[in-house]
Amino acid sequence: MKVLVIAPHADDETLGMGGTIALMSERGFDVHVAIITGYGEKKEHPILSVDAWDRVLKENKKALEILGVKNTSHTNLPAICIENIPRWEINKVFLELICNVKPDEIYVPFLNDLHKDHEYIFYAVNVAARP
């Protein structure tokens, strides 16, 4: 079975469902983790430095190795700024991701999460996955 885990930020997958990911990996599932946010396409972020992002991504890579994840991707939408991106652009990212991975199951953040990045990502995944 092919599973797609949507992580708005590098650590959400580990904190939210790390045990489940490890179990699925151990059972031979093809687990793909998509890290959605980062410092953005311009390699600038209004709050966090590129060095901070690089450290987070390095730590995230190690955590995913421990969990047994072999397939990851990064879309690099700007963290904490997703609500400023037009919805159609966010939806397009997830349509392409889902078409490329072709998962049997998709795991997303909680709809009513207070973090706006999580809310917008939940909505976009549902739009992209509905067909």
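If you go through segment 26-42, how many residues are without any contact (Cβ under 8 Å) to a residue 60 or more places away in the chain and in contact with a helix residue (DSSP H, G or I) (Cβ under 6 Å, 6 or more places away or on another chain)? Give the derivation first.
If we filter segment 26-42 for residues that are without any contact (Cβ under 8 Å) to a residue 60 or more places away in the chain, which is where we start, we get 26-31, 33, 35, 38-42.
Narrowing the set further to residues that are in contact with a helix residue (DSSP H, G or I) (Cβ under 6 Å, 6 or more places away or on another chain) leaves 31, 33, 38-39.
Adding up the residues that qualify gives 4.
When you go through (1) open to solvent by 40 Å² or more (accessible area, probe 1.4 Å); (2) under 24 Å from Lys2 (Cα atoms); (3) part of a helix (DSSP H, G or I) one by one for Leu64, which number turns out not to apply?
Of (1) open to solvent by 40 Å² or more (accessible area, probe 1.4 Å); (2) under 24 Å from Lys2 (Cα atoms); (3) part of a helix (DSSP H, G or I), only one is false for Leu64: (1).
If you check Thr20, Thr14, Thr37, which single one turns out to be closer than 28 Å to Val127 by Cβ, of a type in the set (Ser, Thr, Tyr) and in contact with a Pro (Cβ under 7 Å, 6 or more places away or on another chain)? Lay out the reasoning, then the answer.
Working: Thr20 fails: in contact with a Pro (Cβ under 7 Å, 6 or more places away or on another chain); Thr14 fails: in contact with a Pro (Cβ under 7 Å, 6 or more places away or on another chain).
Residue meeting the stated conditions: Thr37.
Being without any contact (Cβ under 8 Å) to a residue 40 or more places away in the chain, closer than 22 Å to Arg130 by Cα and surrounded by fewer than 17 Cβ atoms within 10 Å (Cβ to Cβ) narrows it down to one of Glu105, Glu83, so name that one.
On the way: Glu105 fails: without any contact (Cβ under 8 Å) to a residue 40 or more places away in the chain.
Of Glu105, Glu83, the one residue that is without any contact (Cβ under 8 Å) to a residue 40 or more places away in the chain, closer than 22 Å to Arg130 by Cα and surrounded by fewer than 17 Cβ atoms within 10 Å (Cβ to Cβ) is Glu83.
Yes or no: segment 49-60 includes at least one residue that is surrounded by 17 or more Cβ atoms within 10 Å (Cβ to Cβ) and either outside any helix (DSSP H, G or I) or in contact with a helix residue (DSSP H, G or I) (Cβ under 6 Å, 6 or more places away or on another chain) (or both).
no
If you scan segment 72-122, which residues turn out to be under 14 Å from the mean Cα position of the chain (by Cα), over 18 Å from Gly16 (Cα atoms) and in a helix (DSSP H, G or I)?
Ile82, Ile90, Asn91, Val93, Phe94, Leu95, Glu96, Leu97, Ile98, Val101
Within segment 12-29, track down each residue that is buried (at least 21 other Cβ atoms within 10 Å of the Cβ) and within 16 Å of the chain's Cα centre (by Cα). Full working, then the answer.
Applying the first criterion (buried (at least 21 other Cβ atoms within 10 Å of the Cβ)) to segment 12-29 yields 12-14, 21, 24.
The answer is Asp12, Glu13, Thr14, Ile21.
Would you be able to say whether some residue in segment 31-48 is open to solvent by 20 Å² or more (accessible area, probe 1.4 Å), among the aliphatic types (A, V, I, L, M) and assigned to a helix (DSSP H, G or I)? Break it down stepwise before answering.
So in segment 31-48, the residues open to solvent by 20 Å² or more (accessible area, probe 1.4 Å) come out as 32, 39, 41-48.
Subsequent filtering for residues that are among the aliphatic types (A, V, I, L, M) retains 47-48.
Next, from what is left, pick out any that are assigned to a helix (DSSP H, G or I): none.
The answer is no; no qualifying residue exists.
The values are calculated or read from the model by the stated rules, or taken from the named source; none is laboratory data. These numbers come from a predicted model, not from an experiment. Heads up, the Cβs are rebuilt from the backbone with ideal geometry, glycines too, and the neighbour counts pull from every protein chain shown. With ligands, DNA and RNA removed, areas are computed over all heavy atoms of the protein, side chains included. Shrake-Rupley method; radii C 1.70, N 1.55, O 1.52, S 1.80 Å.
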